[in-house]
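Step one of this worksheet: look at the structure below.
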Amino acid sequence: MKTPTTRRTAITALGAGVAGLATFSLLAPDRAFAAISSAAGAVAGGSLEGPNGPIQFSAFGSRLQLDDAPEPVVQGALAWYDPAGPDGAPLTIVLVTIAAYGPGDIETARVMAGTVSVNGEGEHPFGLRLVDGGEIGAAAGTMRLVVGRAAAEVTGTPVPADAESGFDYDVEGELTSGDVQVITFT
């Protein structure tokens, strides 16, 4: 029986494709392929209720361990729009760098860390925790985004003392639309 392509399937395929392409773009030109010993990822998108109204977001994270590489290849993306941020003004948060991606405190959780820009400015430490709530429509996923000095609460990794900390933001909630999907490739 053929099953229709759903939005979730399409997003998952896109995430896996991006992770694969990212890995091959890092290879030396004289090598065609690298053996992947393990891979994991998470893809999420939708909305959640923030303190001042609905927030829209999309996020992607992946971690690939290559057989001949000492460190994993980590890739990610984050786009966040809060039309009524902490001060009531629109707030846009975008990934600048991803420093870490990995498992969270429970089997269905994943955590990302790195830096983000806020309204197109600066590089602020962030921590993002995504939790897959199960099949789409059956249970809601949850997420928490922390920007600023408190990012370590999400990631467990201390924020460097010289990190920019002029902006602090912390939102946690259950998705009101969309989904979080955690993927492990074996």
Open item on the list: Pull out all pairs, ordered by first then second residue, where Cβ-Cβ is under 6 Å, the residues are six or more apart or on different chains, the first lies in segment 57-75 and is over 23 Å from residue 116 (Cα atoms), and the second is surrounded by fewer than 21 Cβ atoms within 10 Å (Cβ to Cβ) and modelled with pLDDT of 85 or more.
Closed with: 65/72
Open item on the list: Let me spell it out: the conditions are (1) on the phi > 0 side of the Ramachandran plot; (2) assigned to a loop (DSSP other than H, G, I, E, B); (3) in contact with a Phe, Trp or Tyr (Cβ under 7 Å, 6 or more places away or on another chain), and residue 88 meets all of them except one. Which number is the exception?
Closed with: (3)
- [ ] Within segment 116-123, identify whether any single residue is without any contact (Cβ under 8 Å) to a residue 12 or more places away in the chain and surrounded by fewer than 15 Cβ atoms within 10 Å (Cβ to Cβ), and answer yes or no.
- [x] yes
Task: Subset of segment 145-169 (residues that are in contact with a helix residue (DSSP H, G or I) (Cβ under 6 Å, 6 or more places away or on another chain) and modelled with pLDDT of 80 or more) - done: 146
Task: Total residues in segment 74-91, condition in contact with a strand residue (DSSP E or B) (Cβ under 8 Å, 6 or more places away or on another chain) and surrounded by fewer than 16 Cβ atoms within 10 Å (Cβ to Cβ) - done: 5
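The values are calculated or read from the model by the stated rules, or taken from the named source; none is laboratory data. The shown structure was predicted, so the numbers you read here are calculated from the model rather than taken from an experiment. A quick note on method: Cβ atoms are made from the backbone with ideal geometry, for glycine too, and the neighbour counts reach across all protein chains shown.
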